[in-house]
1. Given the options C:R435, C:R372, C:R357, C:R430, name the one that is outside the structural domain of C:P244 (by TED's automatic domain parsing) and without any contact (Cβ under 8 Å) to a residue 60 or more places away in the chain.
2. I'd like the residue in region B:198-215 that is more than 12 Å from chain A (Cβ to nearest Cβ) and within 23 Å of B:L74 (Cβ to Cβ) and, out of all such residues, is modelled with the lowest pLDDT.
3. I'm trying to understand the selection: among the residues of region B:236-270, which are surrounded by fewer than 24 Cβ atoms within 10 Å (Cβ to Cβ) and of a type in the set (F, W, Y)?
4. Could you say which residue among A:R132, A:R91 is among the charged types (D, E, K, R), within 10 Å of chain C (Cβ to nearest Cβ), outside any helix (DSSP H, G or I) and in contact with a helix residue (DSSP H, G or I) (Cβ under 9 Å, 6 or more places away or on another chain)?
5. When the residues of region A:42-81 are filtered to those that are within 14 Å of chain C (Cβ to nearest Cβ) and under 31 Å from the mean Cα position of the chain (by Cα), which remaining residue is nearest to A:N290 (Cα to Cα)?
6. Report yes if A:G100 is exposed (fewer than 14 other Cβ atoms within 10 Å of the Cβ), under 24 Å from C:R117 (Cα atoms) and either hydrophobic (A, V, I, L, M, F, W, C) or more than 9 Å from every other protein chain (Cβ to nearest Cβ) (or both), otherwise no.
7. Quick check on my filter: what residues within region C:65-87 are surrounded by 13 or more Cβ atoms within 10 Å (Cβ to Cβ) and not hydrophobic (A, V, I, L, M, F, W, C)?
8. Among (1) without any contact (Cβ under 8 Å) to a residue 40 or more places away in the chain; (2) more than 23 Å from C:R372 (Cα to Cα), which single condition is C:T327 missing?
Amino acid sequence: MRDSTVWRFLAGRGAQYLLVLALTVALNFVLPRMMPGSPLVFLAGEDVGFLDAEQRAQLYALYGLDQPQWKQFLTYVGNLARGELGYSFQRGRPIAEIIGERLPWTMLLVGLSLVVATLLGTALGAMAAWRRGSALDLGTLGVAMFFESVPSFWLGMIFIAVFAAGLGWLPIFGAVTAGQTFAGWALLVDRARHLVLPLATLTLITTPGTLLITRYSMLSVLGEQYIATARAKGVHEQAVLRRHAMRNAFLPVATVFMLNLGFVASGATVVETVFSYPGVGRLLYEAVLNRDYPVLQGTFLIITVSVIAANIASDLLYPLIDPRVRRR
Amino acid sequence: MGPAPVPFTPRRHGLGAAGWAGVLLLGVLASAAVLAPLVSPHNPEEIVADPFLTPGRAHLLGTNDIGQDILSELIYGARISLTIGFVAAALAIGIGTTVGIVAGFFGGWAEAVLMRTVDLVLVIPFLPLMILLAAYLGPSYWNIIIVIGVLVWARPARVIRSQVLLVKSLDYVEAARALGGRPVRVMVRHVLPAVLPIALAQFILAASNAILIEASLAFLGLGDPTAKSWGMVLYYAQVRNAFLSGAWVWWVLPPGLLITAATLGFAFTGFALEERLNPRMRGGRGC
Amino acid sequence: MRVLTFILTAVLLILSVSVPSPGQTASLRMAIGRDEGSLNPYTYQTGYPGWNLMTLIYEPLFTPDADNIPQPWLVRRYSVSPDGRTWTLTLHPNIKWHDGRPLTADDVKFTYEYVRRHAHSRWTSQVRLIDSIETAGATTLTIRLTAQSGGFLMQPLAALPILPRHIWEGVAEPRRFNDSIGSGPYRLAEMRDGQFYRLVANDAYFGGRPKVRELVLPIIRDATVTFTALKAGEIDTTVRALSPELVTEFEKAGGLKVVRGAGYASTILQFNLEHPILKDVKLRQAIANAINTRLMVRLLLLGYGVVGSPGYIHPDSPFYNAAVTFTASKSRAVQILNEAGYVDRDRDGIRDTPDGRPLRFNLLTLAGNPIRVRGADLIRTWLRDIGIDARVVAQEDASIIAQVWPDFDVCKGRNFDMAVFGWSAPVMNRATSLRDLFHSDCRFGTINIGGYKSAEVDRLGNELAAAVAPAKQKQVLFEMQKVIAADVPVHVLFYLDGIYAYRPDKHDAWVYQKGQGIVNKLSFIDPPKR
């Protein structure tokens, strides 16, 4: 493959992604505003009914909501271009600051869960495929299918009922012990203890996805001619597995991993809500309920950018991982 | 990796044990749904006893927060939950297959537009779109079906497109095109049959996904509280604090397990179908 | 010697910071359900518990006592002129802001003028009546009103917290200003978005020592998780009222105490009185007769509540007119419908109007409130029994508000048939409550979401607004309840009791404020000595 084709391919993809980004930026503006209901109560507080027309106008003006939609849109795009995400209606604080506080927690929970799930899923999936049809395979498959099919909030609530409230081993809610200051080791332990249950919930329900894909692609690779040839040649089983099968079967897993990596930033709304974890998913959910347009725009943007970034990264990495793509 | 692996056996005909287990699970649940008026002890809409009764002879799973029979709610719930699964999946796969075939078959400009739309749908956060659509369509579980269908078609579309790319290069399709067959005719006659198996497997997976999504939406308070799906039974159990009393054994576990059973039924069936129908998956080749 | 003094002071300081005095709770964990901004007057979010918590940091001049009667707080003495239009207030002399500066009459004048300029939903309309404010020295001020007002003491005097002028003077966008320096018994020590707030007792507080040294407010979004944490001892109490189904469970549980009292929050069936069919009072009366509110209280609230009064006012309120009663009867409902000509003309099981339109309505309700959704469903079945078809439509809050109360502005009209709705406890507490709820002019009837029109209620409402003497207020409110009971612009279904659970070994000095609950200032500090 000559260099110019690579660049032409990348430029084409780049243009397409830019288009998607532009479209999402526009959609991020339109979608929240199309939701029925007014953000006024979150701007003004619960007794908003007592405001007279003039005070309402003052409030709308403060947030630029009195402008025609196209003007609001231009302001929004202009601010975005300058890197300004604006202020939350509800919290009265800069969006960047709020997301900045939430993102690390989501990275910790969802990111860690993705890594654990991928490692666990790949290992178990490969093992199951290698022993296809054995009790081990069917057992793994059964357990995986079970967790794939369990509603996450249900699993989370049962974990709380059993391990936190029942046995008292772990805390029930939050990411830290509220109101207490820890340092060093104690701080680490405190955060880890709060992380265990949400992480376990999220990992258990996401591992099966990777596991099934690994098993599936391992099986199709194992069915390929060259593996059979390798086997016939008498290459040691483990070598076959490692050298040929694993490497090729890894490809779809990598694709899914990259796709999911992009979505780490969007958090895990349900699990974060069950465990009162201060992540982006819960922020998004609350912003939807509160019609907090700027927070919605901000979080959407972060999510979009990270998904597209992950896509681009996977486009770039793909030729490196897959020899067949390189050969083409 | 331990001792020698189990040798590859020639592919069985039929679905295999897991597949049949899935079909059996679905069969049982579907018959419960169809026969609900015959097998359920009470009318689930009717207040038949005091609220929060513990299980007894009259009410095997007790009563809910307004004195309706929980067992009957669950039996009738099969109707709504399975309907949600089937119809939402049909909708999603309908859209996904069309988009996948058109994009894969025509390529070029049409493909770029369609596949970027797929990217876009995959990027848009689910929740606001859900509220938006629910608000526009009016709230009912049919609209939840539409919303789920409209939101989960994108992944199947991707899968189907890649299958179309594979099929397109097959001799008979190329021949049909070369002979000047009209595109629509070639698509329907030759491409569609070739991707149907994968579409079917995707359908089954989308159905299980739809049931789970409905339950999660119910948990977040975004479902239709007037339709007694399993997710909604679970929602009421949760908001009326069944987790804090012994009630979780008969009010929380059963609907959760039913959701799991249905999803599992769909999933087992789907994976078995996929392994059987996907040409690349026919194991044992060359052994 | 100076070194010794320094050490002594330091030791005293450390002691006063870290060690609770005898009889004082060291630390109390009280869960809340959502973020409340910076807990200052412009960023707190909810009327309850947001306002209650915010007033621990920023204090109004008066504070409602356990019977909801405003008592002087920052104010030591006050007098009202005979015409009710001139209020003279004298502040306590030694009140300090958290930064050590003195709180003076000047701050009060500044605050009242500031909220007039910077719209705040709760207070801006309340200070509209003020003609002028004059200060005389550091502690005395005179407020003149353009007209006499019965509600002025309750709001703004007992509701609007005083802002420190030296901090807020240059603030142009208060909703984006996140300072938390107030004058109250607590100051905000720590705030983590989506996680918790930590308040600590203000040692320099003029009114004495708060009952709790440190107040931690974890944010737990899910109600079940909140109660699980309470039962497990991970929190000591919560601002959430306990769900009826948990009362027995929690009363039995060790280490927990459950208190219960009247709840002034209402659950109502709201009619759209501009609806072409529902504007007929006969039809509304028939619907009210079909609804078994007694059964609702037994079934939905497990008996922990009170059946709705026909005149809106809760039976425990001093303004309740016990002579206005209502007993539902299904047979009467049928009789009213038959007499008014609502019969099933096309034999489809649903009654029709005399000109042939079917009695088919949407019944809106908030999806997030399971008791209301269940209530709506019960109403649907009861209406079906008398030949009226109601379709329950449950949606999340903002979507419902958009139909029932577009833009929270009654002047913008309405777009619904019927709704299971409700008002929070403070609505019942306002002296002008029934005027707010039912006056036909949308500037006065600010929460008349049904668009009710009655010349008599308007007349009485205007009288009410000007009435200062409680006896006069009572007499007018008694009259209004009669009219409302006859016209049925809303049908009050029930009032859920306030039920609260806490760990008494942590803190047991809770004060139940009538109709409101235990989360109020009096639970944390006694009123200052005059």
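The values are calculated or read from the model by the stated rules, or taken from the named source; none is laboratory data. The shown structure was predicted, so the numbers you read here are calculated from the model rather than taken from an experiment. Here the Cβ is made from the backbone with ideal geometry for all residues, glycine too, and neighbour counts use every protein chain on show.
1. Residue meeting the stated conditions: C:R435.
2. It comes out as B:I204.
3. B:Y236, B:F243, B:W248, B:W250, listed by residue number.
4. Testing whether each residue is among the charged types (D, E, K, R), within 10 Å of chain C (Cβ to nearest Cβ), outside any helix (DSSP H, G or I) and in contact with a helix residue (DSSP H, G or I) (Cβ under 9 Å, 6 or more places away or on another chain) leaves just A:R91.
5. Per the stated criteria, the residue is A:F42.
6. no
7. The answer is C:D65, C:N68, C:P70, C:Q71, C:P72, C:R76, C:R77, C:Y78, C:S81, C:G84, C:R85, C:T86.
8. (2)
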